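Only one structure is covered here, and it is reproduced in the block below.
The values are calculated or read from the model by the stated rules, or taken from the named source; none is laboratory data. Please read these numbers as outputs of a predicted model, since none were measured by experiment. Counting neighbours? That spans all protein chains shown, and the Cβs are built from the backbone with ideal geometry, glycine included.
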Amino acid sequence: MSKSSLKQTLQDLESKKISIRELNQDYLKRIKEKENLNVFIHFSEENVLKQIDNLEKDNSTKKLKGIPIAIKDLFCTKSMPTTAASKILENFNPTYESFVTQKLLDEGSVFVGKTNLDEFAMGSATNTSFFGNTINPLSKENEPLAPGGSSGGSAAAVAADLCLGATGTDTGGSIRQPASFCGVVGIKPTYGLCSRWGIAAFASSLDQAGIFSHNVEDASILLQSIAGFDQRDSTSAKVDIPNYFENLDDNLNGKTVGIPKEYSIDGTPIEISQIWEDAIKVLEKKGVKIKNISLPHTKYALPTYYIIAPAEASSNLARYDGVKYGFRSDEINSLDEMYENTRAQGFGREVKRRILIGTYVLSAGYYDAYYLKAQKVRKLIADDFNKAFKECDFIITPTAPSAAFPLNEKQNDPIKMYLNDVFTVPASLAGLPGISIPFGKDKNNLPLGIQILGKHFDEQQVFNAAVSLERSYE
Amino acid sequence: MKIDKNTINKIARLSRIKLDDKESEDYIKDLNSILDWVEQLNEVNTENVEPLSNISSSILPKREDVSKDTNSSEEILENAPDKLEGFFAVPKVVE
């Protein structure tokens, strides 16, 4: 099965080689064939056909007119329910549209459905969803693999060719890690590049929207469409958004790449070290200077993250109280009982675990020892990157410490699960843009990802390095 | 052990999440292992380090001081599990 790119499809639509209806019917057919992967929490063929009807009546020119896009079910959409993969939002129908999805609608894209995720984006395998696991489309029969997470449904939707692009969110690696597991491209831009307005909040100082696609060119087109200032998000940045696609330049001659020694960690499979070395060699051949750098506080990034993210989550998720929207328990003899039962029955195990830990580290007597300490270490981690970027233009590392693992692999140990994010979390804490691109396979023929990190708001450099590596790999 | 039965009950109460005995036991175990693991941050000298709460390098722009009516109470109430005469409805608070 050869997958069409977004770029090619736009040309085919333009030249009338294919109609919007034909294009989407092709995708609808595949979505129905691949129902067993459990990619979508919400899919309605009728809804898709209605969007096509409307686009056919619309004579205006739009950049993404007719392009099938899948939306992570963390983005509020007026036309479809929004659940955050939680029972507590099971019947939530937003009365407003998120900034990012509104931009995509304005450009004429077709929303094929809302994709599965870890509940409230908390997880690394899309196995904490109230709506069941998503299966990695690269799984062999009878050996289902995890798609990664939390945006596992979106990554799987692109990998199974159920759309030409998908939105995701990344708090500690939730775009880059599933992109690596599913063999697709995934970019998390700089914190503040895309408005978080209308995205169910997890950890507000880290959450950022991004894109999954078949290739780097497509990602550059789609990211430009969802980026931009929005006054309804106080952390949204007022920066000019370049035309990433027009500016793509795979000539890296004279650039410097940083190789952080702290990312060589014990227990990383040899194949992952190998693709990292391969990528460095490719860059060297292209005239890129190789610079060994040090990010000395790297090993503290995960424990820092697992204080800050749950702390912010415990505060953000206080809004789910059974009063304003979503699920309310039936056992409600008093107001307090209503809160406690609603939240006990509405949240899943991992979400509760994080709310509890977050409440603890913010509670009186422990705030300084945990939360404030973590914020200080976060500063040191961000400073490490600032210093490193004085000596290099971009940094490359592996994306994840493993290829996709079996779906049924018991994940009873939370810390073991958290280690999936070891290579992605540091850049999240520093708010830096990062992309994962497929770059090689392991011995089981499963894709492995390379991560490219750039300076704040230097997505162009990240795309340039990514497209250069991608073209040399193909 | 940092988290015992009393502590977990207190945090659960603060979080407004009812836990049964089995769950309490599980979370005591989980939270203690996570807190032991994050303990390694104490190795880092953070004297004179400013806590980082906002990574955004951009300056918050001012907006025009004009009021906007963006939501109607009807829309806001649309998803309420229980409502009454234009208000959210909850169980009786005072007898």
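The number of residues in region A:340-371 that are in contact (Cβ under 8 Å) with a residue 40 or more places away in the chain and more than 30 Å from A:ASP330 (Cβ to Cβ) comes to 4.
Out of all the residues in region A:2-48, which are surrounded by fewer than 13 Cβ atoms within 10 Å (Cβ to Cβ), under 28 Å from A:LEU145 (Cβ atoms) and in contact with a helix residue (DSSP H, G or I) (Cβ under 9 Å, 6 or more places away or on another chain)? Listed by number, the list holds a single entry, A:LYS32. Mind telling me which of the residues B:VAL66, B:VAL90, B:VAL94 ends up being among the hydrophobic types (A, V, I, L, M, F, W, C), more than 8 Å from chain A (Cβ to nearest Cβ) and either more than 29 Å from A:SER195 (Cα to Cα) or assigned to a helix (DSSP H, G or I) (or both)? Criteria check complete, one pass: B:VAL94.
Within region A:372-383, residues that are more than 7 Å from chain B (Cβ to nearest Cβ) reach partners that are assigned to a helix (DSSP H, G or I) with beta carbons closer than 8 Å, at six or more positions or on different chains, in the pairs A:ILE381/A:THR298; A:ILE381/A:TYR300; A:ILE381/A:ALA301; A:ILE381/A:THR304; A:ILE381/A:PRO426; A:ILE381/A:LEU429.
Here A:ASN412, A:ASN420, A:ASN386, A:ASN408 are screened, and the one residue that is polar (S, T, N, Q), modelled with pLDDT under 95 and either closer than 30 Å to A:SER195 by Cβ or buried (at least 21 other Cβ atoms within 10 Å of the Cβ) (or both) is A:ASN420. In region A:316-330, of all residues being basic (Lys, Arg) and facing another protein chain (nearest Cβ under 8 Å), the one that is nearest to A:GLY123 (Cα to Cα) corresponds to A:ARG328.
Can you confirm whether region A:159-172 contains a residue that is more than 22 Å from A:PRO94 (Cβ to Cβ), buried (at least 24 other Cβ atoms within 10 Å of the Cβ) and under 8 Å from the mean Cα position of the chain (by Cα)? Within region A:159-172, not a single residue is more than 22 Å from A:PRO94 (Cβ to Cβ), buried (at least 24 other Cβ atoms within 10 Å of the Cβ) and under 8 Å from the mean Cα position of the chain (by Cα).
For region A:391-437, a residue qualifies if it is within 11 Å of chain B (Cβ to nearest Cβ) and closer than 20 Å to A:VAL158 by Cβ, but none of them does.
If the condition is being of a type in the set (D, E, K, R) and either surrounded by 17 or more Cβ atoms within 10 Å (Cβ to Cβ) or in contact with a Leu (Cβ under 8 Å, 6 or more places away or on another chain) (or both), then region A:64-86 contributes A:LYS65, A:LYS72, A:ASP73. Here are A:SER129, A:SER180, A:SER174: which of them is polar (S, T, N, Q), in contact with a strand residue (DSSP E or B) (Cβ under 9 Å, 6 or more places away or on another chain), within 30 Å of B:LEU52 (Cα to Cα) and not in a helix (DSSP H, G or I)? Result: A:SER174 is the single residue among A:SER129, A:SER180, A:SER174 that is polar (S, T, N, Q), in contact with a strand residue (DSSP E or B) (Cβ under 9 Å, 6 or more places away or on another chain), within 30 Å of B:LEU52 (Cα to Cα) and not in a helix (DSSP H, G or I). Annotation note: of A:ALA313, A:ALA309, A:ALA364, the sole residue that is more than 9 Å from every other protein chain (Cβ to nearest Cβ), of a type in the set (Gly, Ala, Ser) and not in a helix (DSSP H, G or I) is A:ALA364. Quick check on B:VAL49: is it modelled with pLDDT of 95 or more, facing chain A (nearest Cβ under 9 Å) and outside any helix (DSSP H, G or I)? Yes; evaluated as a whole, the condition is true for this residue. Residues that are of a type in the set (A, V, I, L, M, F, W, C) and within 16 Å of the chain's Cα centre (by Cα) within region A:84-131 comprise A:ALA84, A:ALA85, A:VAL100, A:LEU117, A:PHE120, A:ALA121, A:MET122, A:ALA125, listed in sequence order. Given the criteria more than 24 Å from the chain's Cα centre (by Cα) and among the aliphatic types (A, V, I, L, M), does A:LEU49 qualify? So A:LEU49 fits the description; yes. Among the residues in region A:425-434, are any more than 21 Å from A:LYS285 (Cα to Cα), among the small types (Gly, Ala, Ser) and assigned to a strand (DSSP E or B)? Scanning region A:425-434, I find at least one residue that is more than 21 Å from A:LYS285 (Cα to Cα), among the small types (Gly, Ala, Ser) and assigned to a strand (DSSP E or B), so the answer is yes.
This table checks each residue for (1) at the interface with another protein chain (Cβ under 7 Å from one of its Cβ atoms); (2) at positive phi; (3) among the acidic types (Asp, Glu); (4) outside any loop (DSSP other than H, G, I, E, B).
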| position | (1), (2), (3), (4) |
| --- | --- |
| B:ILE28 | no, no, no, yes |
| B:SER33 | yes, no, no, yes |
| B:ASN42 | no, no, no, yes |
| B:SER56 | yes, no, no, no |
| B:THR70 | no, no, no, no |
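When each of A:ASN341, A:ASN333, A:ASN292 is tested for being under 28 Å from B:LEU14 (Cβ atoms), surrounded by fewer than 16 Cβ atoms within 10 Å (Cβ to Cβ) and either within 12 Å of chain B (Cβ to nearest Cβ) or out of contact with any Leu (no Cβ under 9 Å at 6 or more places or on another chain) (or both), the lone residue that passes is A:ASN333.
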